[in-house]
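To keep things clear, I will list the structure first and then write my remarks on it.
The values are calculated or read from the model by the stated rules, or taken from the named source; none is laboratory data. Not measured: the values here are computed from a predicted model. Cβ coordinates were reconstructed from backbone atoms using ideal geometry, including for glycine residues, and neighbour counts include every protein chain displayed.
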Amino acid sequence: MAERLRTIARSPGTWVGAGLILLVLGTLAVVAAYAGGLSALGPWDWAALRFTIWQAALSATLSAVLAVPVARALARRRFAGRGLLITLLGAPFILPVIVAIMGLVAVFGRNGLVNDTLALLGVDRVSIFGWQGVILAHVFFNLPLAVRMILHGWQAIPAERFRLAQSLGFSAADMGRHLERPMLREVLPGAWLAVFLVCLTSFAVALTLGGGPSATTIELAIYQAFRFDFDMGKAATLGLIQVGLCLLALGLSTRVTVPAGFGAGLDRDIALPAPPGWRRGADVLVIALAAAFLLTPLAHVILQGLPNIVGLPDAVWTAAARSVVMALISAALALGIALMLALAVASGQRWVEAAGMLPIVASPLVLGTGLFLMLRGVASAQQMALPVTVAINAVMALPFALRILIPAARALRADYGRLADSLGMDGLARLRLLTLPRLARPLGFAGGLSAALAMGDLGVITLFADSRNPTLPLLLYQLMNSYRLDDAAACAVVLMAISFALFWAFDKGGRLHAQL
Amino acid sequence: MRFAALALLAVTMPATNAAMAAGPELTLYAPDYFATEWGPGPKIEAGFEKICGCDLVMVTGDVLPRIMLEGDRTEADVVIGLNTDTTLRARESGLFAPHGQDLNGLTLPVTWTDDTFLPFNWSETAFIYDATRLANPPSTFQDLLDAPDDLKIAIQDPRSSISGLSMLLWVKSVYGDKAVEAWQKLRPKVLTVTPGWSEAYGMFTEGEVDMVLSFTTSPAYHIGAEQDTTKRAAIFPEGHYFMAELAAKLASSDQPELAAKFMDYVLSPDFQGMIAEANWSYPSKLPRNQLPAYFAALDRPERTIFLSETEAEEMRKPALEEWLSVFAQ
């Protein structure tokens, strides 16, 4: 017991985990305390709760199921531009919501490409507005995340196992049973969970594309409580429900996750067996469809905004520079914390994983209000705006970074932990010689994702916005609210390009350093 | 880590430290869009600092929730950008002091007697259309309800948007007991309900919808800033719902004289003269002939609907229930 306690006290991951719980639940408690307790929910709130869970479950299931064939096709085929395509396919996940919605409407809307094609074929037009639009948008945003997580799973199967399977004359079905399905059993629940949690706090997507209040999410109910009813008790109740849902989903996904246990390989970069014949055709088709679905809306956003970039006001470039610095700090923070947490999780402290996933469902409004109440008297919200934005963006990116790092950290511990322990490799030496090189690839990916997410995120804007030193996403909203929609479209392209460049640089860096 | 701290310091330093004005500080809370170079904020700051011998510190964000959270410990001396329809709760908080302004000479289409909240600009809700895309726009509200269902409009959600709330009260004021039927007729034409104004307006300019819920003054932006005269407001004889933006003084202010001076400034010709093109709505105290010509020539409704804050607050919840019952099946 004493030994166990000592390990816990020594591991920085546990302290950070406790800090996160304090941040998410503490802000909730402060808001509830301010309101003098929690308030009861009305019938519309329950309807919103039902819709929220339903759409999140459906979006997550679709994203995860569709991601499997895409990831498999990308894992086993080699073609020119494959690396670039994989990176590009990640782009929707890092787009600011409003920009993505405009892109989707342009492609799937009433006068969009899809409906014009349908009309040419003599088929009835379909509407993007309604629950189907919400699901479509959520799959658009999250399919890239699921594909990348599953692709990592495929790449994590040591190539030696595939070669052994080939020399034993495994059929495709055997390969599936012994290699691919165990890997999916390990990776898929995590991917599903991540998408489910993202969709749980969806706000603008659900409203704009949902077509009306039949597609209301909990986050809107929180907003209404905050903005018009000033019912902080209700905001806290709803925030608490989100946290409860997160823990429930996390528990479920842990139960169905089974470690694959492939063991370590020699890290030789050998192409996966690529079955010829109709499977080849199917893979080509899958990749083409995924690329068309994910990249056409992006192309529209770019075409729309490109002509106006030259005339953009200087404020855009100042904001861009500010945002890049902030995103880099956020990413560094997120990576440091995520690494500590992932190592703690891998060493058997499962609750730390739950702590790390909590921020994903923390309502930005409740979190912001709680922080505002905590910090008042200490510093003004204006002074705190940018530091709070940096910190919150780091914390919000954490769950994604964790989902990427945890499987890798577990494998690292299973494969090399005992050897390193027996060599007495500890502290900095272990970090430098074992952990960082072995985790470079997932670290690069996680860092890129964190930086890109921080770049595109508004933070907890309502109370902590420094509008005179705006970040790029805030400036984009300001442009839209001043009728300057053309400038906003151009600003969106700049934002997208920078997010993408940040993501690419980190990801590339990780892959370079992964070569042992 | 040290680099991070330095970088953090660098980004948090105000980028444009407009020559620090000397004298006491007056803190003004304003909505987010005020602060940009395209909003009215910079002009207000420059104009007021010229006459006050003080430093006007503009703090932006969600003004009312923030003031309510801070209570009487707020740093704000004055606020600007509150909306009619949400002032009852603000008044009941007791945080605001009388503005002390003479209300004669206001150029509002309604009578204004409020001694706490002072309007600085106003407009009415209206549906905006593009004359090149919609040759025969509905000419009455009833026409809109009876229009074929392939006329598509975008509105805003009354639970998250102030213009959405105006629309809710507009329909309730025009149709009263028949509001549910009106919403039922409108529903097939509502392509989508967006959380805020900008998403809906974006869909309109992209051509996804034929009409969008906005303001009678929205065409002014397109004429004034883009020389585009194709965007028009559909004017309905049933009347249009009035909406003003307000300024107020905090009772807890430690600069009451400066705060009073700011209230004077809000109604001064300097402020009133720039607000039309800075905020794209009608100034609250400026004769029509002093407006830019195209602004004065905008189509005007004959009837303006105005609810007192008590009426608006009483109507809000039942009207919201009706709206939800139609839209959330």
Practice task
Give me a count of the residues in region A:394-420 that are surrounded by 22 or more Cβ atoms within 10 Å (Cβ to Cβ) and not hydrophobic (A, V, I, L, M, F, W, C).
Solution key: 3
Problem - Subset of region B:122-178 [in contact with a Gly (Cβ under 8 Å, 6 or more places away or on another chain) and more than 18 Å from residue B:236 (Cα to Cα)] - result: B:133, B:156, B:157, B:158, B:160, B:161
Problem - Residue under evaluation residue A:124, criteria (1) closer than 26 Å to residue A:279 by Cα; (2) part of a loop (DSSP other than H, G, I, E, B), criterion not met - result: (1)
Completion exercise
Note on residue B:187: of the conditions (1) touching a residue at least 40 places away in the same chain (Cβ under 8 Å); (2) assigned to a loop (DSSP other than H, G, I, E, B); (3) within 11 Å of chain A (Cβ to nearest Cβ), unmet is (2)
Completion exercise
Residues in region B:190-216 that are within 11 Å of chain A (Cβ to nearest Cβ) and part of a loop (DSSP other than H, G, I, E, B) total 7
Practice task
State the number of residues belonging to region A:81-113 that are over 13 Å from residue A:208 (Cβ atoms), at the interface with chain B (Cβ under 10 Å from one of its Cβ atoms) and outside any helix (DSSP H, G or I).
Solution key: 3
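Of all helices (runs of 4 or more DSSP H) completely enclosed by region B:249-329, which ones contain at least 3 residues that are within 14 Å of chain A (Cβ to nearest Cβ)? Spell out the reasoning first.
Numbers: elements: B:256-266, B:269-279, B:293-296, B:309-327.
Once the helices (runs of 4 or more DSSP H) in region B:249-329 are filtered for at least 3 residues that are within 14 Å of chain A (Cβ to nearest Cβ), what remains is B:269-279, B:309-327.
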Exercise for the section: Could you list, in sequence order, all residues of region A:33-53 that are in a helix (DSSP H, G or I), within 14 Å of another protein chain (Cβ to nearest Cβ) and either touching a residue at least 24 places away in the same chain (Cβ under 8 Å) or not charged (D, E, K, R) (or both)? Expected result: A:33, A:34, A:35, A:43, A:44, A:45, A:46, A:47, A:48, A:49, A:51, A:52
Handout entry: Selection status of residue B:155, surrounded by 18 or more Cβ atoms within 10 Å (Cβ to Cβ), of a type in the set (Val, Ile, Thr) and touching a helix residue (DSSP H, G or I) at 6+ places or on another chain (Cβ under 7 Å)
Key = yes
Practice task
Scan region A:371-391 for residues that are outside any loop (DSSP other than H, G, I, E, B), out of contact with any Phe, Trp or Tyr (no Cβ under 8 Å at 6 or more places or on another chain) and under 21 Å from residue A:471 (Cβ atoms) and jot them down.
Solution key: A:375, A:382, A:383, A:386, A:387, A:390, A:391
Completion exercise
Only unsatisfied item for residue A:348, checking (1) free of Cβ contacts under 8 Å to residues at least 40 places away in the same chain; (2) away from chain B (no Cβ under 14 Å); (3) closer than 23 Å to residue A:504 by Cβ, is (3)
Problem - Residue check, residue A:101 touching a Ser or Thr at 6+ places or on another chain (Cβ under 9 Å) and either modelled with pLDDT of 85 or more or of a type outside the set (Gly, Ala, Ser) (or both) - result: yes
Handout entry: Out of A:332, A:288, sole residue that is surrounded by fewer than 16 Cβ atoms within 10 Å (Cβ to Cβ) and part of a helix (DSSP H, G or I)
Key = A:288
